1. Specify the angular offset, from 0 to 90 degrees and rounded to the nearest 10, of the alpha carbon long axis of helix 92-111 from the longest principal axis of the alpha carbons in the chain.
2. What is the spin-label model distance, in nm, from residue 20 to residue 52 if the labels are put 7 Å beyond Cα along the C-beta direction?
3. Mind scanning 67/111; 28/111; 28/174; 62/170; 28/62 and naming the pairs with a C-alpha gap bigger than 21 Å?
4. Ignoring ligands, DNA and RNA, what percent of the 1.4 Å accessible area of the chain is carbon and sulfur?
5. Show 51, 170 ordered by accessible area, largest first, where the area counts protein heavy atoms only and the probe is 1.4 Å.
6. Would you rank 208, 179, 27, 192 by solvent-accessible area, highest first, keeping every protein chain in place and using a 1.4 Å probe?
7. Per residue, how much accessible area does the chain have with a 1.4 Å probe, in Å²?
8. HN-Hα J couplings of segment 189-195 from phi, Karplus 6.51/-1.76/1.60, θ = phi - 60°, integer Hz, Gly and Pro as x?
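The values are calculated or read from the model by the stated rules, or taken from the named source; none is laboratory data. Small disclaimer: the values here were computed from a predicted structure and weren't measured. Note that each Cβ is placed from the backbone with ideal geometry, even for glycine, and that neighbours are counted across all protein chains shown. Heavy atoms of the whole protein, side chains included, go into the accessibility calculation; ligands, DNA and RNA do not. Shrake-Rupley method; radii C 1.70, N 1.55, O 1.52, S 1.80 Å.
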Amino acid sequence: SAEAQSFFRDGDTWVLSGDSITFIGLYKQTVQDALDHFHPGNTIKIVSTAKWGQLTAEAKGKGLEQKPAVVTIMLGGNNVIHHDYSVTHDFTKGAAVYAEQLRRQVREYQKRGAEVVLMAPILSDSTENSFFAPWNTERGLRVYGEAVRRLCDEEQCRFVPVAAEFEEAKRDLKAMQTYITDGVHPYGWGQYVIARSLIHHLRLRFPYPVVTA
């Protein structure tokens, strides 16, 4: 069955699109390690087009020159953290604009033959006092995550609930522990949690689909 098969075929190019959370690179390397473990000698190419900085979902689709078979996108944190939170407590309008920005990206990749996977943006941690001032942003990121889920239904994309699974993993933390030391960026174990979601939902452990003529 399809559920018993990997989302990937050997030889696929996988483009990871994102902001600084993806740019950090640890979850990319962890997924690569998992692929190499479960599929020794695989020829899957993983390319990150992520950028550090105030990159939002308005950015054009990147990595098209790589001719990707699969594109994963996790954006939205900067839309909220650097823009909406300081001027409004109502994130509805911002989420609608964000969804249309993502939709344009999705359709551009799909038009080039890529399968698109959308990841709900990681929630910020407003208990951390940092330069990024993450106060009042968690609620907005939840609204944006729901917009991503709806968009996947509308555009026939695969949805990976990274934010929900990240929050579930945080419940195991002891007092004074955190995955997000600056309130925004998951480092260390937090990056492994993102990788775990991808490994599970994209079924990296399973055999490649059989290609039939």
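1. 20
2. Here the answer is 0.8 nm between the modelled labels.
3. On the way: 67/111 11 Å; 28/111 25 Å; 28/174 27 Å; 62/170 31 Å; 28/62 17 Å.
Going by Cα-Cα distance, 28/111; 28/174; 62/170 fall outside the 21 Å limit.
4. 52
5. From most accessible down to least: 51, 170.
6. On the way: 208 55, 179 25, 27 0, 192 100 Å².
I get 192, 208, 179, 27, largest accessible area first.
7. Details: 10680 Å² over 213 residues.
Value for the chain: 50 Å² per residue.
8. 4, x, 5, 5, 5, 4, 4
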